[in-house]
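Written below as structure tokens is the structure these notes are about.
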Amino acid sequence: MNRVTSVLLVAGAVLLPIGWILVLASGYHGDLSGGSETVWRIGGLMLYVGGPCLLLAALTHVAHLSATTCRRRRAAGH
């Protein structure tokens, strides 16, 4: 696994659970129930960023594997 894939994977794995914790802990339900809208918005943004980070990690890993396979086939003379 290359460095970019590792960084994206860790970022996504950290952002998703922390985002959910912030959203659920904020208690903000769109009304004046005493919840913090700022904490809710930050948690929501973390959720929106975490998913694409994991998707990009998967795509970069697949691209790296396919590039390595192509290089090996060319080196073998196929």
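The values are calculated or read from the model by the stated rules, or taken from the named source; none is laboratory data. Quick caveat: nothing in here was measured; it's all calculated off a predicted structure. All Cβ positions, even for glycine, are placed from backbone atoms using ideal geometry, and neighbour counts span all protein chains on display.
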From the options Val14, Val39, Val23, Val49, residue that is at pLDDT 95 or above, surrounded by 14 or more Cβ atoms within 10 Å (Cβ to Cβ) and assigned to a helix (DSSP H, G or I): Val49
Working only within region 1-11, note down all residues that are of a type in the set (A, V, I, L, M, F, W, C) and part of a helix (DSSP H, G or I). Val4, Val7, Leu8, Leu9, Val10, Ala11
Checked pairs for region 7-34, first within 14 Å of Leu56 (Cα to Cα), second outside any helix (DSSP H, G or I) and at pLDDT below 85, C-beta under 9 Å and 6 or more apart or across chains, list as Leu9/Met1
